[in-house]
Every structure is written in C-alpha cells, then in structure tokens.
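The values are calculated or read from the model by the stated rules, or taken from the named source; none is laboratory data. Here the structure is a predicted model, which is why all the values come from computation and not from measurement. Every residue, glycine as well, gets a Cβ built from its backbone with ideal geometry; the counts of neighbours run over all protein chains shown. For the accessible areas, the whole protein counts, side chains as well, though only heavy atoms, and no ligand, DNA or RNA atoms are used. Shrake-Rupley method; radii C 1.70, N 1.55, O 1.52, S 1.80 Å.
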Amino acid sequence: MLSNPDRSYPIKIGLLSGVIAVLIALEGMIQAFGARDIIGGVISLGHALLYATFFAAAYLAIRRSGATRLVNTIFVGALSSLIASIFVIALVWLGSWTDLGYVFVNATQPLYELLTFKQGLVVGSLLMLIVGIVMGILAALTVALPAKTRQYILTPVIWVITLGVLQDLVTVTIQNMPFLKPVTNFLYVSNGLSIPGALTIFVLLLAINYFWLEKRSAAQNRYASLPPASRRAVRWGSIGIGVVLLLMLPQILGLYLSEVLDNVGLYLLMGLGLNIVVGFAGLLDLGYVAFFAIGAYTVGVLTSPELGHAVIIGNWWVALPFGVAVAAFAGILLGIPVLKMRGDYLAIVTLGFGEIIRLLALSDVLKPFFGGAQGTRSIADPDIGPLEMTWSPQSFYYLFLAGCILVIFVSTRVKNSRLGRAWMAVREDEDVAQAMGIDLVATKLLAFGMGASFGGLAGAIYASKLTSIFPHSFNFLISINVLSLIIIGGMGSIPGVVVGALALVGLPELLREFSDFRYLLYGAALVVMMLVRPEGLVPEARRAMELEEFREEEEPAKEPVVLKTMGQP
Amino acid sequence: MAMLEVNDIHSYYGNIHALKGISLTVDKGEIVTLIGANGAGKTTTLKTISGLLHPRHGAIMLEGERIDGLPPHQIVMRGIGQAPEGRKIFGALTVLENLEMGAYARNDTAAIARDLDFVFALFPRLQERRSQLGGTLSGGEQQMLAMGRALMAHPRVLMLDEPSMGLAPVLVEAIFETIRKLNKEGTTILLIEQNAAKALQVASRGYVIETGQIVLQDSAENLRKSEKVRKAYLGEA
Ligand SMILES: Nc1ncnc2c1ncn2[C@@H]1O[C@H](COP(=O)(O)OP(=O)(O)O)[C@@H](O)[C@H]1O
Ligand SMILES: [Mg+2]
C-alpha cells in the first residue's frame, strides 16, 4: 500500500513522538503552559504543545512515506499520531494505577486532569485518541494542500497563537494607548483570546497575507519602474520611518518590554562579537563570557567609589574606552597561547579561560580590587557631562541601540574588508590561507581582539545598568547562550545574529512560563535547527548561495569541453 | 646561483622523522620534478619549503637568501607560490574572488590586473566562469583555478603538488601542456608528481624520493632510462 519500502517508519516516528510527548508532560511543561489559554476555554498552550507533537509525528511520517493518495496519507498520518497519543493515555492510566510522583515530581493529578480534558479516565482517554487521529488527518490535509495555500493559512495561524499567548503583553502595552482599549476588550477574554477575537484575527491576517503574497511582486515592479529620484525618496522614507520607530520603541512598549529589549541588545552586542571569532574566523570560543566580565569589571572598578581604593575615574564615558581596550587586550592575550590549536582543543582552553576570569573575580586574594563575592557596587551611571538624569531601562535602551548600531556597522565593514577575506580563508583552511600570503598570527589575534572588544562594550554598559556586578553574573551559561544564538541565527551572518538574539533572548522573556524551561527549549531549538536548517534562520548570503548553486548545477560541466580552451599553444 | 636551493633538510611531525636530509636545487627557468610513491615525503618537502613546517635541520635558500624559519606568508611574499595537493580552492568564493585571494599579499594594483589577464589568457575557461562559485567547478577547472590562484601571487618559483591527481587522462594531458607553456613564458616550476611518466616528459631534471630521502637525481632523460625508475615508477618490467 505504501510506496516506500520502510513501512515501519510511521510506527517508529509515532513511538518517538509519543516518548517526546510523555517527556514534555513529565517535565511539567504541559502543566505550566496549560494555565495559559490561547483561545479562552478552547485550547491552552499546553494542549497546543501536545497537539503539535502529534501533528509533527504525522507530518514527518507522511513526508517520509512518499504516499501521495489522500487516503494513504491520512492512514499513515493518523497511524503515527494515534500511536503518539496512546503514549499520553498510557501515562495517565499508569499514573492512576500507581503513584509516579516519587520519580516524576510533575506526575500529579492536575496533570492527568489536563491530559484527560477533565472528563474522567475513560471519556478523556477516548477524546485524546480522537485528537491524535484528528491531528493525523490535519497533517495529511496540510500536506495535500498546494504549497501556496499552505503559506496563506500558516501565517494567520501563527499570529493567532502568538497574540493569544502574549495576551498580558498586548494588554499592558495597549494601556499606554487608551484609545485602543475597546480593541483589546473585543479580542480577549480573561484568559486567552475570545472566539470572535480569534476568528477576526485569523480572517484579517488571512486577507493581509493573501494581499501581501499576491501583490508583493506587483508592488516591487511598480517600485522598480519609478524614476530614480522617487525611488530614493521611498527608500529614505522607509529608512526614516524605521529610525523613528526604533527611537520611539521604549515609549510604545513600556517599561517591561524595554527591559526585554535591553537584554536583547546586550546579547546582540555579545553575539556580534562572538560572531567575529566563531562565525568569521571559525575559531570556536566557549569562554566568551570572560570578555564580557572583563569589560564590566574594568568599568566597575574604575568608577566604583566603594572598593576602598580611590576612585580613579568617576565618569562612565571615560571608563568605557578602558573597558573595551582591556577586553580587547585580554582577547589577544588569550589568542597567543591558542594560536596553534584548532577545534575541540581550542574550545576546551577557552572554556577554561572563561572560568578562570570568573574565579579571579570571586577570589579572596583579589577582593580589595574586585570585591570578591560581594561584587563591585555603585558603578557610575552613563551621565553625559554635568547632565544628571535618572537611568531607567528605557534610557539604557538608547545606549544599547547606539552600541548595536556601531557594532553592526563595524562588523559589516570588516566582513567585506581585506581582513574579512583573510578570516574567511583561515576559517576554510589555515594552511591554504597561509599559502595565499595571509599572516595567520595577526589575522587570528585580530579576530580574538575585535571579538573581545565587543564583549567588553557589552560588559561596560551592563555594569552601569545594574550598578552592581557579581562574579556569578558571569557564568559559563552566558557563553553558551551567545553561541546558541549565533548558531540559530546563522553562523557568520550579521542579520542572523539579530534574529538569533530576538528569538533566543527576546521570545523567552515575553512569556514568563517559558523561563523555567529556557534551557530545555534552547536545547530542543538547537537540535531541531541542526536537523532541519543547519545553516541557521538567516544564513550568510555566501553559504546560502553555495547551496543554491549546488542545487541548480546537479551536473558539473562536462570535462572534455575544457580541452578546447586549454592547452592550445 | 640557484633560484631555489634546499640543503639537507630534516622535518618532523611530532616524533615522526618525515624528511631525512632532502637536498635539491631548482634553477631559474627550469621545470624540476620531485617524484615518489604515496607517503614518500613529497608534500612534506613542499610544506617545509613554504614554511608550513619548519625543518629541524638544514637550510632553504631563495636566490641565495635563507628563507627557512620565516613564517609562511613572508615566504609567499618573497616569491614562492603553490597550488596545494587536492587543489584546496575556496568553494564559497567565486572564481574571480579565488584569484584575488591569490594576490592577497600584494598591493601593486596595476600589476595584479596584468597577472589576472595573464591567468585568463592561460585558462580561458576560468574567464568564462569567473563569477561562478569555486565549489561548483569540475575537478579539472578546480585544478586550473588552483594554478591560476598561485600565479596571482606572481611567484618566482611555482610549486605544484600533484596537479594531475584524480583527473581524467585527457585533462592530465591538458594540465601538463599548460605547465609546459607556463614554463616557456618564463615561470620556474617545482613539480611534485606521482605520475612519473608525465612529469619526466615535461621536466628538465628530476629527483626521486623514497621514505624521506632522495635516492636518485638526474636529468629527466636519464631518469626515464634508468632501470630503477622504469621498474618502480613507470610500471615497466
Ligand atoms: N600531518 C601529519 N602528521 C603525521 N604524519 C604525517 C602527516 N602528514 C604526513 N605524514 C607522514 O609523513 C610521511 C610523508 O607524507 P607526505 O609528505 O604527505 O607524502 P607524499 O606527499 O609523498 O604522499 C608519510 O609517512 C605520512 O604518513
Ligand atoms: Mg602528497
């Protein structure tokens, strides 16, 4: 019946998804997310997560089976998602028979009630099985849809989920704009979207999406046929709107979201710095937090009056260049002993370096300088001149914005420079790079130094924003987070780092339920990315182009043709 | 004075004694070939000359000046270029960008442009494919690109490490024809090959290397006639 010889695949993927669904439940995610309804009283985020697992199982099974007839795809899809749902039911039955709570703290009655839709064991189990089958059918229908239609529908669905999940944020944000209050009242009930609200969003976005996808090329053509002067006007106009929007963002978004943006900015600075070392030059650095710490501590120590020694510099702006320079110097210093190292050796040594810096800051011997576990406190505000102002997350936003723009500018310029080329060559093959006449030592040290200086800048702003810094703020996980956002965004891609920072730092902050599962989600996101899109969300143009051309040129040029142009005297 | 003189060099990989006293000379305008079986130490010799490996003993001279101990990029700037074993072109760069990379250490823009014209004249195929990505070229084209890239450094000595490796016979023919032509136009070449028959046809002199030592050296003509070479490297009975 199936055209694919691997008939056990739907079963295998069903089993796998079942295990994943059970794990998600036992992790406590279903429960944590179950309290948040996407559509009030209809579907919670926890259930959506479970359904998504079933759907994914069915989707993968159908894709792999190669089945084309709708009946077959429905069978394959429903089979694998049904198997997945059986796992969930098995968990509930097992739980009602014996107490799993000894081993799994989250295996409690409330979880079982969620998994059975509060309908009791038998009815609830049947419902869950039906959901499993329905997900399989939905997956089959999704596959059957023309690609374009799928695209039309997908975006509105994502928007409905996003707006439902981010209810708190939307309502809080809209509080700044009272005239929009009736809109939120219509869209939301106390927990989640209202049903008419969800439908409205769906239909509205379906229309917008349709218009966008259909008319985009027409709009582009129109734009292309404009005279150059008006085209320039349009371009500058949109840049202007973008700038104004960026500048007004903290006012529009309010305090909490500005705090989130600050965090994104912080990680963006570090991401762009590490991107130079890892993305451009291909040197795997797992101790990047060291430079962040060095920048923060340099500025902290220089401007804090509390450490007993005389304040050397009172002004943050004067201390800033020192923070950046000391970090850059540390980067070069770290670079020297690891010049000959590659790959895993390099990773381990840099990892150790990151820990050493943290331990130095923590040490009792150096306490007079860094404050040990009590940290460095009363770090100066970034006041400009005699202007005393109160520094809030909203004002720090502008500092991060300025820093990010500067660092993006520098990154872009250097990437397309001679040095950027040299880094690329070193990344591809160190020996060949040297055979091209590239000075390996200078090239690597410049990467370490420049990457570290961005980290130092991030640290300097961070120190001032928190006014107190402690050794434990600079642990190894920061290095991992920064590396993850680069990988997810796309190694070596500057827009990729921006997207990565927004996705990995911004998104989890938007939803307090996420924060408990942050590292679980990071891990899952990384694994999925490696499997589905190893080049990252916004891959570097060159890598994307390379893949593209490989696809186009399945057959390389035929060898003998070459003879005609070669070897003629 | 010899263009390139290698004098009794000993190179190691850790404790492995890979080169046990290699000496050879390449005179200006010559093609000299270094032939030997797989693992004999040909590539190691090339790496040592280009500074990627530093000899523990011995000296390397370029036109009388010692270059051993210099970092690789300075050796390139002094005039030793190479097309490495396995081509090793930059797959994500276009043909033109690969060639520009070859001129990385130079800043004489006008001369670089002249050399680019020279390379395109030598390999018209590369000109046709100048904006194609290096990784999408065929094996023969990649070898041309590797040679072209080495020429972009305007080397005084061009070292080629097994340029015929993995190519179809017609292409091998074409590559050797190009080597000959390049030499006629004045390039001094050190040619490393396993394909002894072909190498000895284009070279004026040759060295035979076995387990890190030179075991024979003579004019190419005499080597072709020698009993040992015919048996061991030309596959004749
Ligand atoms: N990176 C390396 N580390 C250790 N041994 C090596 C390395 N490269 C080559 N060798 C050894 O050195 C010897 C010479 O190798 P090579 O110069 O590559 O030979 P050829 O180019 O003539 O085939 C071989 O025995 C090889 O195994
Ligand atoms: Mg070799």
Take every residue in peptide B:167-173, count the Cβ atoms of other chains within 10 Å of its Cβ, and give the average of those counts.
3
Helix axis angle, B:169-184 relative to chain B longest principal axis, alpha carbon, degrees
90 degrees
Using 7 Å Cα-to-Cβ label points, what is the A:SER378/A:THR162 separation (nm, one decimal)?
4.6 nm
Could you give the spread of the C-alpha atoms of segment A:416-511 along their three principal axes, from largest to smallest, in whole angstroms?
50, 26, 22
Cα long-axis angle, helix A:541-552 against chain A (0 to 90 degrees, to the nearest 10)
40 degrees
With equal scatterers on the alpha carbons only and no solvent term, can you work out the Debye log10 of I(q)/I(0) for chain A at 0.08, 0.09, 0.10 1/Å?
-0.71, -0.89, -1.08
For A:VAL71 and A:LYS12, FRET efficiency with R0 = 25 Å and r from the beta-carbon atoms, rounded to 0.05?
0.70
If N is the number of residues in segment B:89-154, what value comes out of its Cα radius of gyration divided by 2.2 N^0.38 Å?
0.98
Less than 15 Å Cβ to Cβ from A:LEU255, Lys/Arg counted +1 and Asp/Glu -1: what total charge do the surrounding residues give?
-3
Given charges at beta-carbon only (K, R positive; D, E negative), |dipole| of segment B:89-154 in Debye
80 debye
Test item: B:82-95 mean partner chain Cβ contacts at 10 Å
4
Antiparallel bridge percentage (DSSP; both residues within the protein assembly as shown; nearest 5):
55 percent
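Find how much the distance from A:PHE476 to A:LEU129 grows on full extension, using 0.36 nm per residue of separation minus their present alpha carbon separation; answer in nm with one decimal.
120.6 nm
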The whole-number value in µm²/s of the Stokes-Einstein translational diffusion coefficient for segment A:241-553, with Rh from the Kirkwood sum over alpha carbon pairs at 25 °C and 0.890 mPa s, is 123 µm²/s
A correct Karplus calculation of ³J(HN,Hα) over segment A:101-110, with 6.51 cos²θ - 1.76 cosθ + 1.60, θ = phi - 60°, whole Hz and x for Gly and Pro, returns x, 4, 8, 10, 4, 8, 7, 10, 4, x
Sequence order, segment A:115-131: Karplus ³J(HN,Hα) from phi using 6.51 cos²θ - 1.76 cosθ + 1.60, θ = phi - 60°, Hz rounded, Gly and Pro as x, gives 6, 10, 6, 6, 10, x, 4, 6, 4, x, 4, 4, 4, 5, 4, 4, 4
Residues meeting the amide H criterion for A:ILE43 (H placed from the backbone, H to H distance under 5 Å, 5 or more places apart or on another chain) are A:ILE38
Interchain or sequence-distant (5+) residues whose placed amide H lies within less than 5 Å of the amide H of A:ASN475 are none
Would you be so kind as to identify which of A:GLY14, A:LEU261, A:ILE438 lies farthest towards the positive end of the dipole of the protein assembly as shown, taking Lys and Arg as +1 and Asp and Glu as -1 on Cβ and the Cα centre as origin?
A:GLY14
Phi angles of segment B:97-103, converted by Karplus (6.51 cos²θ - 1.76 cosθ + 1.60, θ = phi - 60°) into ³J(HN,Hα) in whole Hz with x for Gly and Pro, give 5, 4, 5, 4, 4, x, 9
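If the convex hull of the alpha-carbon atoms of chain B is projected onto planes in all directions, what is the mean projected area in square nanometres?
The orientation-averaged projected area of the Cα hull of chain B comes to 12.6 nm².
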Quick one: check the C-alpha center-to-center distance for segment A:203-260 versus segment A:496-543, whole angstrom.
25 Å
Answer with one residue from A:PHE211, A:GLY489, A:THR298: the one whose Cα lies farthest towards the positive end of the charge dipole of the protein assembly as shown, charges on Cβ with Lys, Arg +1 and Asp, Glu -1.
A:PHE211
Using the C-alpha gyration tensor of segment A:4-215, what are the square roots of 5 times its eigenvalues, in whole angstrom, with the largest one first?
31, 26, 12
So if I place +1 on the C-beta of Lys and Arg and -1 on the C-beta of Asp and Glu, and nothing else carries charge, what would the dipole magnitude of chain A be about its Cα centre? I want it in debye, nearest 20.
1300 debye
Taking H placed 1.01 Å from N in the peptide plane, check which residues at least 5 places from B:ARG205 or on another chain put their amide H under 5 Å from its amide H.
B:ILE31, B:THR33, B:ALA220
Along its three principal axes, how long is segment A:185-249 when you only count alpha carbons? Whole Å, largest extent first please.
51, 32, 11
Chain A: angle of helix A:476-489 to the longest principal axis, Cα-based, in degrees nearest 10:
60 degrees
Sulfur and carbon atoms: percent of accessible area, the protein assembly as shown [1.4 Å]:
65 percent
Pairwise burial B:A, computed as accessible area of each alone minus the pair, summed, 1.4 Å, Å²
3500 Å²
Segment A:148-273 - Kirkwood radius from inverse mean 1/r over Cα pairs (Å):
17.6 Å
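For B:129-137, what's the mean count of beta carbons from other chains sitting within 10 Å of each residue's beta carbon?
On the way: counts 1, 0, 0, 3, 7, 1, 5, 7, 3.
The mean count of partner-chain Cβ atoms within 10 Å per residue comes to 3.
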Looking only at segment B:172-197, which residues have a backbone nitrogen under 13 Å from a spot 7 Å from the Cα of B:LYS28 in the C-beta direction?
B:186-188
Would you give the gap between the C-alpha center of segment B:41-86 and the C-alpha center of segment B:187-201, rounded to a whole Å?
19 Å
Note to self, the protein assembly as shown gives a 222 nm [θ] from helices alone (DSSP H runs n ≥ 4, -39500 (n - 2.57) apiece, / all residues, nearest 500) of -19500 deg cm²/dmol
With +1 at each Lys and Arg Cβ and -1 at each Asp and Glu Cβ, the charge dipole magnitude of segment A:4-215 around its Cα centre, to the nearest 20 debye, comes out at 640 debye
